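The values are calculated or read from the model by the stated rules, or taken from the named source; none is laboratory data. Small disclaimer: the values here were computed from a predicted structure and weren't measured. Heads up, the Cβs are rebuilt from the backbone with ideal geometry, glycines too, and the neighbour counts pull from every protein chain shown.
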Amino acid sequence: MAKSYILNDLINVFTVKKMKMKDAKAVGKMVIIGVLIVVIVIAGVVGYYLTIPSKLKETLIMGTTDSVESCLDTARAYDYFGLEIVQSLGSPLVAYKPGATGVESDFIPQLATSWSVSDDGLHWTFNLRQGVKYDDGTEFNATDVKYTFERGMGIADPDGSFVGIGYSDFIQSITVVSNYVVEFNLKRPFGAFLSLIAYQGSYIVDPKYAPMHGTSWNISDVVVYQDGNPRGSNPMGLGPYTLKSWTRVAGKDTEMSLQANPNYWDASSGYPKAKNIVIKFYADSAGLALAITAGDVDVAYRQLASTDITSMKSNNNLKVWNGPGLIQYLCMQEKYMPFNNTKIRQAVAAAINRTELVQTVFQGDAEELYSMIPIGMLGHTDAFKTLGDANYSYTKQLLAPLGYNENNKLQFALWYETSGHYPQSAQQALVLKSSLEASGVISVTLESRDWAAYRTARQQEIMHSYILGWYPDYIDPDDYIYPFVQSSGGSWLHQNYANTTMDQLIEWARGNTTESARATLYGQINNLMVQDCPIIPIYQGYAYAVSRTNVQGVYLDATQTWRLWLIYATE
Amino acid sequence: MTLRTYIISRILLTIPMIFILLTTVFLILRVLPGEPVLLHFEKMENPAAMAAMRAQLGLDKPLWAQYFDYVVGIFRGDLGKSMQDYSPVAQQIFSAFPATLELAICSMIIAVLLGVFLGVESSKAYNKPKDQVIRVFGIVTYAIPVFFLGMILQLIFGVGLHWLPVGGRISPTMEPTGLNIGNFHFSTGLYTIDSLLEGNIYKFVLTLKYLLLPSLTLGLVLCGIFIRLTRSNMLETLRLDFVTAAKARGLKESTVTYSYALRNAFLPVLTMMGLQFAMLLGGAVLTETTFSWPGLGRYLIDRINFRDYTAIQGAVVVFGIFVSLVSLAIDLLYAYLDPRIRL
């Protein structure tokens with residue numbers, strides 16, 4: 001019987017010694033061929049699985065400690081997370097490409113396919129993409145652009161970016177040239193205008209969901225959260241996602257989910273990568289850290305403590321992403337002694353030990369900053385290096401003629417906030433105190449308040465020196481200079497600095513649209529900042545996101561925005 | 001004093017108590033440095049816009065006028081509008097309160113059941129190793145900070161074993177809808193009950209999974225005092241004649257302990273439950289933060305950071321009323337169980 005023959009053959013294989021030589025060779029050949037076949041089959045199967053693309057997860061779960069502060073309407077939203085969601089639900093005329101560093105070549109077409117500026121810098125013309133539809137199928141055209149900007153400036157919500165940044169200071173009028181051409185007429189040339197157009201506050205709204213209720217724009221026209229009505233809770237509609245659900249309990253987000261917009265104009269390029277986004281909200285960084293470690297979320301973004309980041313870097317199940325983050329700086333009150341003296345401000349700037357702060361407080365996960373304009377951005381120079389870092393001999397040299405020495409130390413208070421508004425503020429203050437006192441001629445008293453009280457103290461101008469931080473609005477050196485050292489633009493800092501030369505340089509830099517000329521002007525501004533020393537840049541931090549290892553497409557760049565539609569996870 | 005007079009007098013006493021609480025919070029907030037309007041102007045300060053906002057929020061009026069407006073509002077049942085996002089405070093508190101209530105009830109159930117059971121077992125094994133272990137357990141759980149215990153449980157059951165979620169109240173998009181029959185809709189905001197009303201067992205189990213760690217944390221921290229109290233009362237009760245008599249009649253030990261002795265030893269525990277409810281709400285503030293639980297405690301912390309005067313006042317008033325009502329209910333129960341109270 002066949003079965004017994006096969007059995008016999010198998011027995012023969014293992015008892016090959018007992019067989020004749022000829023039979024043994026034949027069996028040997030059979031075994032080799034059999035092994036080869038098995039190897040080829042296994043290789044084929046393995047090769048197949050290695051070469052086919054991994055399946056993308058339909059739903060990506062994101063964890064955050066953020067929450068929408070007020071609403072998802074560009075007329076009011078001015079908080080980080082609110083604008084990040086706006087960015088996923090809407091589209092701008094132009095945007096920064098992923099990986100942007102803050103230079104002119106970073107701009108990419110979005111709803112506008114091309115643009116141009118008049119020679120006098122007063123008229124910006126945008127040619128719009130045709131055939132773009134809102135999520136409800138309505139066609140987008142130039143009147144929507146005019147509507148969006150006139151609405152934002154008309155509502156003029158004091159909480160919103162249209163007032164905060166001051167759109168009306170630049171924009172005179174908007175003209176619909178044709179269905180797909182729109183022109184912005186400016187009051188004065190503004191070199192950062194494209195950056196402003198790329199900013200989330202400039203994303204285009206759907207007039208149908210952002211109507212005017214009266215005869216003129218009113219603050220009550222702002223689209224606010226409506227329980228159980230996610231579409232009515234946001235006026236966007238041109239973005240990669242639509243808002244599927246949004247629940248708030250007691251003014252805080254408890255649940256949010258996004259789903260791919262079927263009418264998204266860039267859907268043919270494969271965006272959004274993840275078809276659904278579910279956002280889970282955590283009360284604090286400890287909760288978020290536990291959630292990403294436990295695998296409750298695929299990606300965690302804002303805010304994770306730097307100590308958690310350090311341990312996560314060595315966790316094989318996690319991937320840590322980073323990019324440029326906030327900058328922090330020291331302000332000095334020039335209204336009264338001791339910082340009404342430029343030499344004293346310079347002496348303090350020279351004594352600061354940035355390297356020690358970066359190494360001690362942030363374990364090296366930050367960079368020393370020597371100008372207010374961040375590293376890598378147009379206009380950045382290491383201007384403050386001329387004063388040195390922990391340059392105690394220069395500090396002593398500057399203070400000695402003023403009567404300050406080891407026996408009569410310069411005394412002042414250094415203030416910091418305690419609400420976690422900035423990372424590790426208390427540790428920063430301690431290291432700064434220690435580095436300043438290491439000069440031997442400075443004595444620092446530390447003072448702290450929670451954020452609300454700190455803001456009041458700043459407004460009352462009672463703080464000698466105080467640590468603040470900055471996240472940018474639009475990505476341009478102007479957003480790192482004008483709000484700080486221009487006499488009216490920087491008035492919110494309450495440090496009472498004003499210099500007409502500085503104002504003039506800033507005005508020229510703002511009005512210029514040539515990149516090289518602007519770089520030169522910002523270099524001069526940086527040098528004047530060192531000379532006057534109204535503000536001392538300290539460090540540039542990193543923004544961190546942490547994901548499971550199967551997540552790709554996280555881009556953290558100079559824009560410091562969170563591009564959800566690029567992120568995906570494989571099964 | 002009849003029971004009705006007793007109830008009326010207790011309710012009347014609650015009103016001035018809430019008033020004193022409200023006035024104190026109102027004044028403390030105004031004395032504290034920090035102003036809600038300033039926090040709306042994170043990067044720029046526009047004096048005209050700030051003045052307009054102050055007027056809109058009623059902060060430009062003299063203090064007595066602000067107080068008068070607020071009290072009049074309270075009598076009309078209006079807790080005012082949030083100074084952060086301009087939403088009605090009553091609505092916000094109403095949306096957050098069920099989460100806190102659910103957490104408080106579950107925590108109290110765990111604390112009482114565990115505390116009383118261990119207290120009884122401890123008293124039965126007086127001075128034996130079992131008694132010593134339970135006493136140490138009681139002291140440790142009472143002394144341990146609630147956020148620390150919470151994080152330990154999160155690390156064990158969430159990160160280590162992956163059994164339970166580390167935070168939140170339920171998975172996104174899984175919120176129970178409650179009872180829905182045609183156009184009739186009814187929900188309590190308590191997810192355990194709403195999921196049952198919806199008839200969705202999966203959501204019910206999911207709700208319990210999210211609820212378990214925070215309530216266990218709070219329950220464990222609170223159970224220590226119930227262990228101590230039950231133990232000491234049981235030790236006294238077990239020595240009484242009626243217990244000896246019950247034993248002599250040949251009743252089972254468990255019947256004697258739980259049906260006879262514990263019933264008598266339970267009255268002080270009941271009083272403690274009322275007192276502990278205030279503690280529970282204080283603990284809920286920390287527990288809600290640790291477990292990202294969207295309740296009133298977390299709301300209060302957020303609003304303190306923002307100096308949202310109306311929201312803080314509203315939350316404190318609701319906390320005050322809640323504690324008063326629970327205290328009243330406990331007193332009534334006490335009066336019902338022990339008629340001497342009414343005499």
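For the stretch A:414-460, a tally of residues being within 12 Å of another protein chain (Cβ to nearest Cβ) and either of a type in the set (Phe, Trp, Tyr) or at positive phi (or both) returns 3.
Against the condition in contact (Cβ under 8 Å) with a residue 60 or more places away in the chain and aromatic (Phe, Trp, Tyr), how does residue B:277 come out, does it pass?
Details: in contact (Cβ under 8 Å) with a residue 60 or more places away in the chain: yes; aromatic (Phe, Trp, Tyr): yes.
Here the answer is yes, as residue B:277 does meet what is asked.
The residues listed here are B:258, B:309, B:299; of these, the one that is of a type in the set (Phe, Trp, Tyr), more than 14 Å from chain A (Cβ to nearest Cβ) and at negative phi is B:258. Taken over the stretch A:505-550, the residue count meeting the criterion of being surrounded by fewer than 22 Cβ atoms within 10 Å (Cβ to Cβ) and more than 24 Å from residue A:490 (Cβ to Cβ) is 8.
On the given criteria, is residue A:272 modelled with pLDDT of 90 or more, within 26 Å of residue A:225 (Cα to Cα) and buried (at least 19 other Cβ atoms within 10 Å of the Cβ)?
Working: modelled with pLDDT of 90 or more: yes; within 26 Å of residue A:225 (Cα to Cα): yes; buried (at least 19 other Cβ atoms within 10 Å of the Cβ): yes.
Yes: the conditions hold for residue A:272.
Quick one: is residue B:330 closer than 29 Å to residue B:102 by Cβ, within 14 Å of chain A (Cβ to nearest Cβ) and more than 14 Å from the chain's Cα centre (by Cα)? So residue B:330 does not fit the description; no.
Rundown of residues vs (1) polar (S, T, N, Q); (2) out of contact with any helix residue (DSSP H, G or I) (no Cβ under 8 Å at 6 or more places or on another chain); (3) modelled with pLDDT of 95 or more; (4) within 28 Å of residue B:41 (Cβ to Cβ), yes/no style:
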position: A:119; (1), (2), (3), (4): no, yes, no, no
position: A:128; (1), (2), (3), (4): no, no, yes, no
position: A:141; (1), (2), (3), (4): yes, yes, yes, no
position: A:149; (1), (2), (3), (4): no, no, yes, yes
position: A:156; (1), (2), (3), (4): no, no, no, yes
position: A:170; (1), (2), (3), (4): no, no, no, yes
position: A:174; (1), (2), (3), (4): no, no, yes, yes
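Name the residue, out of A:318, A:378, A:326, that is touching a residue at least 60 places away in the same chain (Cβ under 8 Å), away from chain B (no Cβ under 14 Å) and crowded, with 17+ Cβ neighbours inside 10 Å.
Numbers: A:318 fails: away from chain B (no Cβ under 14 Å); A:326 fails: away from chain B (no Cβ under 14 Å).
Result: A:378 is the single residue among A:318, A:378, A:326 that is touching a residue at least 60 places away in the same chain (Cβ under 8 Å), away from chain B (no Cβ under 14 Å) and crowded, with 17+ Cβ neighbours inside 10 Å.
Out of A:541, A:489, A:523, A:469, I need the residue that is among the small types (Gly, Ala, Ser), out of contact with any Leu (no Cβ under 8 Å at 6 or more places or on another chain) and outside any helix (DSSP H, G or I). Which one? Among A:541, A:489, A:523, A:469, only A:489 is among the small types (Gly, Ala, Ser), out of contact with any Leu (no Cβ under 8 Å at 6 or more places or on another chain) and outside any helix (DSSP H, G or I). The requirement of being at pLDDT 90 or above, among the basic types (Lys, Arg), surrounded by fewer than 21 Cβ atoms within 10 Å (Cβ to Cβ) and not in a loop (DSSP other than H, G, I, E, B) is satisfied by residue B:209.
Listed here are the residues, each with its yes/no results for (1) surrounded by 24 or more Cβ atoms within 10 Å (Cβ to Cβ); (2) within 14 Å of chain B (Cβ to nearest Cβ).
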| position | (1), (2) |
| --- | --- |
| A:172 | no, no |
| A:182 | yes, no |
| A:189 | no, no |
| A:220 | no, yes |
| A:237 | yes, no |
| A:240 | yes, no |
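Scanning the stretch A:463-503 for residues that are of a type in the set (Val, Ile, Thr), surrounded by fewer than 18 Cβ atoms within 10 Å (Cβ to Cβ) and in contact (Cβ under 8 Å) with a residue 24 or more places away in the chain returns a single hit, A:501.
In the stretch A:242-287, the residue that is nearest to the other protein chains (Cβ to nearest Cβ) out of those that are part of a helix (DSSP H, G or I) and of a type outside the set (A, V, I, L, M, F, W, C) is A:287.
Selection of first residues in the stretch A:151-167 that are closer than 17 Å to residue A:492 by Cβ and within 11 Å of chain B (Cβ to nearest Cβ) and of second residues that are among the basic types (Lys, Arg) and part of a loop (DSSP other than H, G, I, E, B), restricted to Cβ pairs under 9 Å at least 6 apart or on distinct chains, gives the following pairs, ordered by first then second residue: A:159/A:76; A:160/A:76; A:161/A:76; A:164/B:43; A:165/B:43. Scanning the stretch A:432-452 for residues that are closer than 21 Å to residue A:405 by Cα and hydrophobic (A, V, I, L, M, F, W, C) yields A:432, A:436, A:438, A:441, A:442, A:444, A:446.
Output yes when any residue across the stretch B:66-82 is within 14 Å of another protein chain (Cβ to nearest Cβ), assigned to a helix (DSSP H, G or I) and surrounded by fewer than 18 Cβ atoms within 10 Å (Cβ to Cβ), and no when none is.
So in the stretch B:66-82, the residues within 14 Å of another protein chain (Cβ to nearest Cβ) come out as B:79-82.
From the residues that got through so far, the ones that are assigned to a helix (DSSP H, G or I) too are none.
No, the conditions are met nowhere in the stretch B:66-82.
When you check residue A:416 against the structure, is it among the aromatic types (Phe, Trp, Tyr), under 25 Å from the mean Cα position of the chain (by Cα) and surrounded by 22 or more Cβ atoms within 10 Å (Cβ to Cβ), yes or no? So residue A:416 passes the test.
The set of residues from the stretch B:21-40 being more than 14 Å from residue B:70 (Cα to Cα) and either in a helix (DSSP H, G or I) or under 25 Å from the mean Cα position of the chain (by Cα) (or both) comprises B:28, B:31, B:38, B:39, B:40. Any chance the stretch B:247-259 includes a residue that's touching a Phe, Trp or Tyr at 6+ places or on another chain (Cβ under 9 Å), in contact (Cβ under 8 Å) with a residue 12 or more places away in the chain and in a helix (DSSP H, G or I)? No, the stretch B:247-259 contains no residue that is touching a Phe, Trp or Tyr at 6+ places or on another chain (Cβ under 9 Å), in contact (Cβ under 8 Å) with a residue 12 or more places away in the chain and in a helix (DSSP H, G or I).
Annotation note: Cβ proximity below 6 Å between a residue of the stretch A:433-451 that is without any contact (Cβ under 8 Å) to a residue 40 or more places away in the chain and over 12 Å from residue A:464 (Cβ atoms) and a residue that is of a type in the set (Gly, Ala, Ser) and assigned to a loop (DSSP other than H, G, I, E, B) (sequence gap 6+ or interchain) occurs for A:450/A:419; A:451/A:419.
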